[in-house]
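Data first, discussion second: the structure below is written as structure tokens.
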Ligand code: ZN
């Protein structure tokens, strides 16, 4: 049994990593699919992001799904053979934020494949992994494991859309159509948005955004003139979800949101200048959105029930032996949206 371990930027190694037998409240999952996330790419290319740095070898990956291979004595939530999506977050359940129901703000969060704490939380790009049963969320018996592995990023999108407030019948802007932007579009459509305007600087992601529910796709690489109608009368957009982390996209969205509208920041973009006068004068609500909580279980239900069709996102599936190629592919927005590993070939 093997894992994909990052030792340093561009130093990925496939190493033996047998899963221990499950403890009483654990299960062993035989992995089927694992998606490469933007944070995995940051570790791979730069050794981290912001103040988070790779300090020791770390198994990457936190978007995985598989099949239950073994059970601890106390486990009743799943059975051997069940398909499960792995929830990568393990909040402490005891800190101030966990007690207040803000588990994604946990002071002692353990999140797979994250160098935020030291020793790092090892990740889930492994052929087999033993995890707490509470983190193995059952999905439908017939669900493709590649789709099940989208539960984590889809939960991020559901959480972001929840921050925007009711979207039924509203006009929504989504800037940045990477995997999270596209999943936000799918979640906004599910929430009943009447119009979903998607922007990006590359045409290929916009084509996928359209298949996930965007009603109008605008390539803003040459400027934002095509969005001028949305800026009329102080703005026509009820809610904007900024998924690019780009300063110009952020400022552009602020110009298009109507007075008392909401701007949700999903993309991470470091320090950005803000047009404060516009925010003040239009009385905009600006909210951040980070990870997810109960949305993971909801994502698993929606994907299991076929309430959303996320297949257009899946643009590549490679065996772990081709880890370097998979990371290169996932870094190319013209050729790839969500690239996944398939395990157990
Ligand atoms: Zn906590």
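The values are calculated or read from the model by the stated rules, or taken from the named source; none is laboratory data. This structure is a prediction, so every number in the text was calculated from the model and none was measured. Glycine also receives a Cβ, built like all others from the backbone with ideal geometry; neighbour counts cover every protein chain displayed.
Laid out as a table, the results:
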{"read-out": "Some residue of the range 69-80 being touching a helix residue (DSSP H, G or I) at 6+ places or on another chain (Cβ under 8 Å) and within 20 Å of residue 2 (Cβ to Cβ)", "value": "no"}
{"read-out": "Filter result (surrounded by fewer than 19 Cβ atoms within 10 Å (Cβ to Cβ) and more than 16 Å from the ligand (Cβ to nearest atom)) within the range 91-119", "value": "118, 119"}
{"read-out": "Any hit, the range 208-226, residues being touching a residue at least 24 places away in the same chain (Cβ under 8 Å), within 15 Å of residue 261 (Cβ to Cβ), in contact with a helix residue (DSSP H, G or I) (Cβ under 7 Å, 6 or more places away or on another chain) and crowded, with 24+ Cβ neighbours inside 10 Å", "value": "no"}
{"read-out": "Matching residues, the range 126-141, being closer than 26 Å to residue 18 by Cβ and more than 16 Å from the ligand (Cβ to nearest atom)", "value": "126, 127, 128, 129, 130, 131, 133, 136, 137, 138, 139"}
{"read-out": "Hey, residue 287 part of a loop (DSSP other than H, G, I, E, B) and more than 29 Å from residue 84 (Cβ to Cβ) or not", "value": "no"}
{"read-out": "The listed residue being in a loop (DSSP other than H, G, I, E, B), away from the ligand (no atom under 16 Å from the Cβ) and surrounded by 21 or more Cβ atoms within 10 Å (Cβ to Cβ), out of 123, 81", "value": "123"}
{"read-out": "From 323, 336, residue being in the same structural domain as residue 63 (by TED's automatic domain parsing), in a loop (DSSP other than H, G, I, E, B) and at pLDDT 95 or above", "value": "336"}
{"read-out": "Residue check, residue 304 over 20 Å from residue 230 (Cβ atoms), assigned by TED's automatic domain parsing to the domain that holds residue 140, outside any loop (DSSP other than H, G, I, E, B) and in contact with a strand residue (DSSP E or B) (Cβ under 9 Å, 6 or more places away or on another chain)", "value": "no"}
{"read-out": "Single condition residue 142 does not satisfy, out of (1) part of a loop (DSSP other than H, G, I, E, B); (2) modelled with pLDDT of 95 or more; (3) closer than 20 Å to residue 340 by Cβ", "value": "(2)"}
{"read-out": "Flag for residue 281 being out of contact with any strand residue (DSSP E or B) (no Cβ under 6 Å at 6 or more places or on another chain) and without any contact (Cβ under 8 Å) to a residue 24 or more places away in the chain", "value": "yes"}
{"read-out": "Condition check for residue 151: within 16 Å of the ligand (Cβ to nearest atom) and within 22 Å of residue 40 (Cα to Cα)", "value": "no"}
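So that you can scan it fast, the table gives a plain yes or no per residue for (1) assigned to a loop (DSSP other than H, G, I, E, B); (2) more than 25 Å from residue 155 (Cβ to Cβ); (3) outside the structural domain of residue 181 (by TED's automatic domain parsing):
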{"position": "199", "(1), (2), (3)": "no, no, no"}
{"position": "206", "(1), (2), (3)": "no, no, no"}
{"position": "221", "(1), (2), (3)": "yes, yes, no"}
{"position": "228", "(1), (2), (3)": "no, yes, no"}
{"position": "244", "(1), (2), (3)": "yes, no, no"}
{"position": "249", "(1), (2), (3)": "no, no, no"}
{"position": "260", "(1), (2), (3)": "no, yes, no"}
